[in-house]
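Enquirer: Starting off with a structure, shown below.
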Amino acid sequence: MVKGCPDDLDHRTRIGQARREKTRERLCEAAIMVFAERGLNGTVIDHVVRQAGVSRGTFYNYFDTIEDALEAARLALKRELLLLVKGSVDFDRPPAERVAYGLRAFIEVARHNKLFLEFTARLGHQSYSFSSLLKETAPGFVTSAIEAGEFRPIPETLIFDLMEGGAISVLRRLMEGEEVDVAAFVAAMLRVLGLSYEASVAIAELPVEVPQPAADSLLVRANATWSASH
């Protein structure tokens, strides 16, 4: 290949783009780890660049503020969680079962991934929460459950708030090392929403297969780095 020809320039462009993307991914992973450890108010840019092993100048090539880095971290987690949980839910199940399964799957992913657990528990509503996941993967689940008479006809926004607050509370207890009966929590949530005791327990205790992220996913990579130092 002749140096400077179009093919050579295109090759160098692709290499440059790949390097920039890799650096951005490193910054996102670092942001997730730092926010998981320090929380929203305890994190500054210096913490992220130190974790990523880059300069402040490199940080500003990708983000203007620490809030921008947080948003990038949330979006990175969002992409992986959407694939994980959406791929594990059986859309042929009744609506209430789908909601309950998704809620348990979300909590179990966090239970088996300490970094994601701490990131979500510490940031609470600022993280990528279960209600956000539900709204994006299956916004019709709650509507269908209400129309089917499984859930009470209460405002859907209130249902989302109840599930989000409850899920964050469970994750915080898990983060503190408490034993949590997730099925009992899900059953209680279903009863609040209108199901009978018998129906709520039966649905909440249905077996859940914990979604497994790919070996090269951000969740696995970042969690391995996090676990090695904690």
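Values in this text are rule-based calculations from the coordinates and carry no lab data. Just so it is clear, the structure is predicted and the values come from calculations on it, not from any experiment. Every residue, glycine as well, gets a Cβ built from its backbone with ideal geometry; the counts of neighbours run over all protein chains shown.
Enquirer: Using the beta-carbon distance between Ser144 and Val192 and R0 = 22 Å, what value does 1/(1 + (r/R0)^6) give for FRET efficiency, to the nearest 0.05? Can you show the working numbers first?
Expert: On the way: r = 18 Å, r/R0 = 0.82.
Efficiency, from the Cβ-Cβ distance: 0.75.
Enquirer: Karplus couplings for segment 158-169 from phi (6.51 cos²θ - 1.76 cosθ + 1.60, θ = phi - 60°), rounded to Hz, Gly and Pro as x?
Expert: 5, 4, 4, 5, 4, 5, 5, x, x, 5, 5, 4
Enquirer: Mind checking the alpha-carbon convex hull of segment 17-126 and giving the volume per residue in Å³? Don't jump to the answer; show the numbers that get you there.
Expert: On the way: hull volume 12.1 nm³, N = 110.
Enclosed volume per residue, from the Cα hull, is 110 Å³.
Enquirer: Turning to a different aspect of this structure: If neighbour count is taken as other Cβ atoms inside 10 Å, put Leu193, Leu75 in order from fewest to most.
Expert: Values: Leu193 22, Leu75 11.
Ordered by Cβ neighbours within 10 Å, fewest first: Leu75, Leu193.
Enquirer: Where does each of Ile146, Ile154, Ile159 land when they are ranked from fewest to most other beta-carbon atoms within 10 angstrom?
Expert: Values: Ile146 20, Ile154 14, Ile159 23.
Starting with the residue having the fewest Cβ neighbours, the order is Ile154, Ile146, Ile159.
Enquirer: To continue, here is another question. Starting from the Cα of Glu179, move 7 Å in the Cα-to-Cβ direction to define the label point; list residues of segment 87-118 whose amide nitrogen is under 19 Å from there.
Expert: 108, 111-112
Enquirer: Separate question: Quick one: Karplus J couplings for segment 109-123, per residue in order, coefficients 6.51, -1.76, 1.60, θ = phi - 60°, nearest Hz, x for Gly and Pro?
Expert: 3J(HN,Hα) across segment 109-123, in whole Hz: 4, 5, 4, 8, 9, 4, 5, 4, 4, 5, 4, 6, 5, 6, 8.
Enquirer: State, as an integer percentage, the relative contact order of segment 6-228 based on alpha-carbon contacts under 8 Å between residues 6 or more apart. Intermediate results must be reported in sequence, preceding the final value.
Expert: Numbers: 232 pairs, mean separation 54.9, N = 223.
In percent, rounded to a whole number, it is 25.
Enquirer: While we're on this one: Sorted from fewest to most neighbouring beta carbons within 10 Å, what does the list His112, His47 look like? Don't jump to the answer; show the numbers that get you there.
Expert: Working: His112 15, His47 18.
Starting with the residue having the fewest Cβ neighbours, the order is His112, His47.
Enquirer: While we're looking at this one, here's another question. For the chain, what is Rg from Cα atoms divided by 2.2 N^0.38 Å, rounded to two decimals? Working shown, then result.
Expert: Numbers: Rg = 20.5 Å, N = 230, 2.2 N^0.38 = 17.4 Å.
Rg over 2.2 N^0.38 Å, computed on Cα atoms: 1.18.
Enquirer: Here's another thing I want to ask about it. Total Lys pairs in the chain closer than 28 Å by alpha-carbon, pairs eight or more apart in sequence or interchain only?
Expert: Count of close lysine pairs: 10.
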